[in-house]
Each structure stands twice: as structure tokens, then as C-alpha cells.
1. Using the Kirkwood radius over Cα pairs, work out the Stokes-Einstein diffusion coefficient for the range A:409-544 at 37 °C and 0.692 mPa s, in µm²/s as a whole number.
2. What number results when the radius of gyration of the range A:78-160, computed over Cα atoms, is divided by 2.2 N^0.38 Å?
3. Can you order the peptides A:353-363, A:117-127 by their average number of other Cβ atoms within 10 Å per residue, highest first?
4. Rank the residues A:PHE183, A:PHE365 as a footprinting-exposure proxy: fewest other Cβ atoms within 10 Å of their Cβ go first.
5. Using the C-alpha atoms of the range B:187-312, what convex hull volume per residue, in cubic angstrom, is computed?
6. Nearest 5 is fine: what % of DSSP beta bridges in chain A come out antiparallel, could you say?
7. What are the extents of the Cα atoms of the range A:435-489 along their three principal axes, listed from largest to smallest and rounded to whole Å?
8. Tell me, what is the Rg over Rh of the range B:91-238, with Rh the Kirkwood radius over Cα pairs?
There are 2 protein chains.
Amino acid sequence: MKIALAQINPTVGDLERNVDLIIREINKAKTYKADLVLFPELSITGYPPKDLVNRDSFVKDNKELLKKIIENSENISVIVGFIDYNNERGHDGRYIKYNAAALISNKKLIGIQHKTLLPTYDVFDEARYFSHAREHNLFDINGVKLGIEICEDLWDKNYDAKVTDILAGKGADLIVNISASPFQYGKRAVRENLLIEKAKKNQVPIFYVNQVGGQDDLVFDGESLAVDKNGNLIAAGKKFQEDLVLVDFDLKSRIGKPIAAKQYDEIQEIYDALVLGVRDYFRKSGFKKAVMGLSGGIDSAVTAAIAADALGKENVIGVSMPSQYSSQHSKDDAKQLSENLEIKYNIIPIKDVFGSFNKTLADLFKDKKEDITEENLQARIRGNILMALSNKFGYLVLSTGNKSELAVGYCTLYGDMCGGYAVLSDILKTKVYQLAEYINRNGIIIPQNTIDKQPSAELKPGQFDQDSLPDYKILDGILKAYIEEEKSKDEIISMGYEKEIVDGIVKKIDNAEFKRRQAAPGIKITEKAFGSGRQMPIINRYKG
Amino acid sequence: MKIALAQINPTVGDLERNVDLIIREINKAKTYKADLVLFPELSITGYPPKDLVNRDSFVKDNKELLKKIIENSENISVIVGFIDYNNERGHDGRYIKYNAAALISNKKLIGIQHKTLLPTYDVFDEARYFSHAREHNLFDINGVKLGIEICEDLWDKNYDAKVTDILAGKGADLIVNISASPFQYGKRAVRENLLIEKAKKNQVPIFYVNQVGGQDDLVFDGESLAVDKNGNLIAAGKKFQEDLVLVDFDLKSRIGKPIAAKQYDEIQEIYDALVLGVRDYFRKSGFKKAVMGLSGGIDSAVTAAIAADALGKENVIGVSMPSQYSSQHSKDDAKQLSENLEIKYNIIPIKDVFGSFNKTLADLFKDKKEDITEENLQARIRGNILMALSNKFGYLVLSTGNKSELAVGYCTLYGDMCGGYAVLSDILKTKVYQLAEYINRNGIIIPQNTIDKQPSAELKPGQFDQDSLPDYKILDGILKAYIEEEKSKDEIISMGYEKEIVDGIVKKIDNAEFKRRQAAPGIKITEKAFGSGRQMPIINRYKG
């Protein structure tokens, strides 16, 4: 049997275009003489559709479009994700809905399988929208007994229902899993090992197709996989790209030809995820050009390099906005970066506007010393300038702050936090340095001085990050433990960090929640990013 | 039996203080010789604790503190909400947790009842955190068979399990419901009727205790209620205030003395909710003083009046920030308002800073016409000034935009959207007018001209809201249908609105999602507010 894994890049809500994409891949699969072509979870709507699912019109339109796919399935079988409903309404008057897979064959709808395990943690919220499957049936195509499951159904560790085992127990010759599983650094091996383990244990081949592309704060990495009944990896799709993976598979032996294990570089994967995230955010929201502040520092340099790769150097505008506190090396480094990247570069000094603000506020502030007010004011003037360029020329502002800053609130709301998309908001500062090295792997793009110098916000004379914060290695260690691993203070202290430092950092993190609530969406690459997957109260007096 | 409903105002995360509050009320109940005192859902943690629940240390601390309540329960019975766990861990390594009620009597823990129905819609996300009850038992105090349920357990319409009916079926003499049910305009009657209906149907009295107070975007309205077996309302707690309601109830007849039905004014309720929301947001986050822009328009006037009521007139600072486009009446109206409210008032003209920005940007903008850029720039200068005052003097900025503006994006990100708390973000413009009339019920506070004049942003000469937007009555009708009732475009058109207008408004709403993602939290008063209860994708190409 010739099976095609169609890892497509749909756009949430763009139902008709998504269906066109599906039909395009069906036709391609036909030219390769595939018997069966698989599409990801909720392909028709794109994943995650979030509260669009609450609109009955949306759900109706999505199911109506399934017919168009059916019409285009002559001489081929298709499995495609969509939102199912049966005209049954809940007591709230809305349809009862299912995250579902349709099995279509030669212009007929053969069957529908609903999703059993509905992830409701981190960025996932499926219990908000869907009812779970009541039954698990096998489907017959060309004499093959097919078990169909959807994404989380494979990840059954935290659930009572073990869907893969149930389907295998019913005698499935082949299990297909249609997924929309977002990229997360370190998840690749876990995913592959889970497939291998489940296949071996049940002696059943599993073909897994995954969505690819960026959607708001998520990047789906594709890399669809097929394993045979012995748990050998026999096919893998491209990473971070659309792909149609063809597998000519012997369903009698259920054994395929193993492929070589791929080697991945962790930083390369993260870099590729960020590039795809930026590219798709722009493309899908209709923007072409990005503007960002270039401070001569490493965060804005890495952001600019990623943007240039994602959008093309002709679509990136760097702006240096020096104040009286900006060092010469900052201006030089920013200029050098823009030359290395061959991006547009503007210099807009903020001294006059800053002076004008100070004059305007002089009466009110006359008995007050200079403090953080004046620092934030500079950051906000820069934000205003970038937003003015955005308004005037239709650019989208990229904010350049990293996760370490955002965690401890070392950033200015409406200042450097301005922007439509925050490229590095899930990248700890120590990882920003690794990204810079990766960007420079074939020669200097980010000036060496940008990498070597001590980080500084340059908002007052002689200011360095480490005046207010512990060394970034220590800070990032604590942040990873507290935010990503959700460890308690005691647990972090028992890892070897000083109590006083841990207490101080945790307090800063909790106190900065109000800033993060108004932060731009960023790209999730860790197990816990700020944003929709971390729902902390702003008013929160817990000190533990 | 003498039963006390202790509707307290806990603070999320402030475990020790919450427990002190609980013990204070237990002691008060003892002085009234109460046999049983009831506290709201998750009283120890405050509701909703959100992702704090993911920290095992938090869950441990909360359960540890239950012991302190037990120690303080001499000669009284207590029912109190907390997070339960049994040292059982899920496969993810974390405790399996329950939203639970502890029944304590005379220094002993008598029993624990877990919550069955876990709301996971709108602002609720309990399936994210909790496992549901596996059993429903009755508990015995002084020979009374007590059924205990938690909040949503009463609201069983959309669920298969009917908890109240189950408990009544087991022979409960009395059902208590401990709740944390947020205020929502129009919900009061629904709540009361549900209690009455459930009591009558099962011929069982139900005593319902509700949390009071503000927490982030939610205001809990208290108003605990008791109904006897015939469905007669026999006691009601205060609205929007802490209260200890004492009911001397005959559990043989299970019949009480009906109280007169209270009359509520819809606008008064909304006003009271907003005042409590503001007051608690400041108190619980440690702020005293509010600053806000006063434009002479109705939104900032209503916001200032609410702030003065919530915080005291001495804690409110109004700032007029006129530009060259500001009319004389705007300045006069703002000044008059501040005099009527007796709040501090500053005038900070933005003309010089605006001029300085224009000069700084002149080179880059030299071939470009004036457009929305210059309008937004003025709004952002004002935002910067308010934030500078916030930084310098420790004020919290209140943003003054209403729900109609926020819906269609008629507001400037980082400009008038600046602020820590958005008082009117769930109030449609037409309701803002009703609030103004309510505020003026005993004499003019908001100048009549502010109410009468045509709304204008005054960001360019001769600009009025209705140049860009339909009449607010039409706009608000569409907004209510699309956002609050989640109706489709077709349904809205069939209500009698013009297709072209509906299409235009819906497009504006969907396109402004990126702004709202960075908006300040506001106070939810409708069935669907912007914020945590409305999870829309930013990239969203659905046109239906």
C-alpha cells in the first residue's frame, strides 16, 4: 500500500484556502499513485482554532467543505482532520462538537473517528471546546484494517484510556495518527521514541502526520514519521517545511526498510523554528516588512538576523535611536550589523524629544530626582518612533526582548516591549548568545563586539544589566527551574542556588506579571513559554 | 440549627491572610452561637488561583493551613473550600488535585467532598487543573444529613451528572453549595431562580455562600442565599461587600420565613461592580493612587467618578493633555469634572513634544501626508506622560477606553490603551451614557456638556467618532450580538442590521484582535468580556 503523509501549512480560519491546499496535495498524491493520503489534525480549520469553535457558523462551514474534499477523492483514500457535529445540541444551544478525522475513499465518506484524549494544559484547551470519542472502530480500506487516532490519543501517559493499545487490541493492521503537535525544544526524540515504543509494544505500524507552520505563538514543525511494527523508523518528513512523504509499505509483513536516524542540532532547530514563526506570522497576517530598534546589543542583532532570513533582507528596517547615554560602540555595532545583514538602516536620535518631554514635565517633577522614570521615558520614545514608522509605512514592529528580561521585568512596558511579535520572548539570554554563534557559523554577521561586550540598557550613564541582575548563567538557571519546570523556591535552593538570590528573582518574576499580560505574542520553543500556556494571576500574593 | 454564611473577600495566593480571615469569621460565628459556618469555594487560596495550582508547594501549603482552621473549630462546624490531594501523583509527576470542600467539626476533619462539575468555558478553566469527584456522600453533623456541593455542581444544565439531585436522592436534609461565582449583569435572577427550582424540585433546602471581591478581571458579588425546601428565599447576604449571614433554620420542617424579594437596578449593580473591581485591584496589588487622562469626554469622566468613589477623591489625579486640536469645551469640561469630583487636576500640554517628534521624523516622513500616524503619536505621547507620572509618583494608570472602541480597534495601542487596569473595557458606549446618568442621579458630577456633545477623539481638526463608526446604538447592537452572544454575521443581519455595516464591523473586530491581546485587564460584567474568557486567534482568516 502506498501511503502519503501530507504535512501541510494551513491558516487558522482560512477554510477555503486550506481545503484548496488539501485538494492540491490529494492530486499530487494521485500522480504518485498513492492509495491513501493523510492530513493533519483539524486541517480544514487550521490548528488551534480557539474560540472560533464557539461559532456554529464556523463549524458548519468547516463540515460543509468536507464535501468538496469528498468530491475530489476519486480513486484514492483520504484521512483529514475537521470539526464534527451531528446536529445534536448541548443545553447551551450550541452544537456538541468533536475534534475528528474523516476517512474518505473514492468519493465516499467511509467513517469518522473522534478524538478521545483532549489535552487541557499549557497552550492546549480542548476540553473547552470538544466532547471526547465514545467509541473506537477499525475501518476497512482495500482489506486493510485501519485504526485512526488524533494527536494526544498517542500521548496517553496521563490518561486512563490508552487509545493506541485499544486500536491494536481490536486487530488494527495499521494505525494512523493525525496531529498538530507544536515544536518544543527537546520534544523531537520524545515523539519519535513514543511512536517506536507504541509500535513495538503492539506490533503494529504507526503512521504519524503533523501540521507545519506558524500560528500566533506556536510553530508546528512537521517532520511526519512512519514506524513499522518492529518500531523501526521507515520515513520522516521535512522539518519546518511542507512536505508530501511517500511510503510504499508492505502491509503483510508490516515491516519496512529502516532509514538512518537524523542528527539534529538543538540550536539549529530553535533557529529554524524562530525563522518559520516570523515568516508565517507576517505572511498569514498580511505584512511584508519588519522594523525594529537596533541598539548595538545582542538581542536586537539576533532578532534582525532572524527577520532578514525569514522575510528577506530587503524587508527589514533597522533603526538606531541613540540618546545622550548611547556609547559610540553601540552606534558602531548597530551600523556594522545592518551592513553585514544588508538591511535598511536609519538613525533617529531621541535627544530632542527626550528634552522636550523633560521640559514638559519639569514643573511637576521639580522636587524629584532622576530615577527609572527618565529611563522608561527613553525606552517609550523609542517605542513611539517605531510605532510611527509602522503606522506611516505599514511595517510590523518586532520587539527584541528576551525571556530572561521579560521574566524579571527588566523591560519597559510600551517601550522596548512595543511590537506586534516578540521573536525572542521564549529564549533565555544564555541561549540568545548561542543563537548569535549559530548565526555567525559561516562568518561574522553579528559583530564580535556585540557578543563580547557587557550587556547594558544604556538608559543612564555607566549602566550594566549585571548591576540589577545576577550573572545571566545563574539567572537563567533559576528561570528555567521556576518557570519552565515549575519548581518551588525550596526545590531551586536545593539545586544549589543561594536563597537570597532565588527569593529576589522569584519576587521579580511574580511582580512582573502585569507587564507580561500586555506583552506581544512570541514564539514558544520551551515546555513553558509566557503567553497563553502560562495563566498566572496578576494579583498574586503567594510567596512560596 | 444556626447556620452562618461567611462571604469573605480572600486574595489569591495570600494563603495565611485568607486563613486568618476565615478564623476571624469562625470566631464571629461562635459569638453568635452558630452551629455551622460556611465559606466559599477555594477560600484558602482565593479564586481563581490559575496556574499557581500547578505548583505542588502551593497545593501543599494550602492543605497544611487547613490544619490551622481545624484547630480553631472548637464547638463549631465549618465547611471551607481548599485544594485537595492525596499524595497520589499523576504520570506527569504532579499531585492529582481536587477542588474540594472540607467539613470540620469541633477540631476534627469529618469529611471531604470533591467538586464534580468542572467549568471549562469562558473565564473558567478547571479541567486544566482538577480531577472530578468520584463519589458523593452525605455527612452527618448533629444528626443532620448534609450534602455538600461546589459552585458549578449546582449549574448542571450542560452536564450529565446532576449533583444536587444525586445528593437529594440520597436523602440529604440540607444541601450547602460553596461558590466563587463572578458577577455578571443579569445573572442574579438566574442564580436565584436556579436555587429555588432545585430546592422545590428536590424538596430540600439549599444554602449557598459566595465569594466577594475583585480579582484581576473578575468581581465576585457575594449575595449568599438560602432557600428552604419549598423554594422560598429565606436569607440573602449583602451585595459587593463582606458579610456574615446568620440563619436560624428549623431542619425538621425545613421551612423558613420568606424574606421580601430585593429590587435591583441594573446600572447600579454594574456601577457597584466597577467600584469594587477598582478598589480591590488597587488594594490587593498595593497601589493607593490612580492617575488618568481627562479628555473632557464621557469615558474618562465616568472612569474618574468610579475611581474617586473606589479610592477616595484624594487618591485620584486627573490629567488634561491638550493638543492644538483640543477644543476649548474639552478643556473646560475636564476642569469642571475635576472640580465636581474634587480630585487633583493637572494640565500638561503635549504640543511641544508633538512638535519635537514631528521634527525628529520630518526627514523620514518628508514625502508623506499626515495620516493616522500623527493621530496615534498624540495618543502615545499622552500615554507616555501618564506612565511617567506613574513611574515618578507610584500612581497606577487607569485606562479609560470602553468596550465599543476596544471592539472595533478605535483606540491606540500604547496610547490611550496604556494603563494597569481598564475600568470600562466591558462597558459598551451606550452603557457608559447610562452610567453617567447614574453618577449624576443626585446632582451634576459629570458636566452636562460632556454627556450631550458628539463624541470625538480630537486627534485632527473636526474629527467625530461617527465619521468612522456607525451610530453607537447600531454599533453596540451589533457588538452585543457578535461578541457577547457569539452570533454569526447571517444571524445578525437577520436581526435587521444592514449587511454592509455588519460586514464592516465584524471585519474591524477581527482585525483588532492584535490590539486587545496587549490590552490592560478590565472588569468583566457581561457574559463575554474581552480578556481571558475570549480566546481568539490573532491570525484568523475566517470571514463567516
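We did not get these values from a lab; they are worked out from the coordinates using the rules stated. No experiment lies behind these values; they were computed from the predicted model shown. Backbone-built Cβ (ideal geometry, glycine too); neighbour counts: all protein chains shown.
1. Taking Rh from Cα pairs, D becomes 199 µm²/s.
2. Compactness ratio reported: 1.18.
3. Top of the packing list down: A:117-127, A:353-363.
4. In increasing order of surrounding Cβ atoms, one gets A:PHE365, A:PHE183.
5. In the range B:187-312, the Cα convex hull volume per residue is 115 Å³.
6. Here the share of antiparallel DSSP bridges comes out near 55 percent.
7. Projected onto the principal axes, the Cα atoms of the range A:435-489 cover 42, 34, 14 Å.
8. Radius of gyration over Kirkwood radius for the range B:91-238 works out to 0.96.
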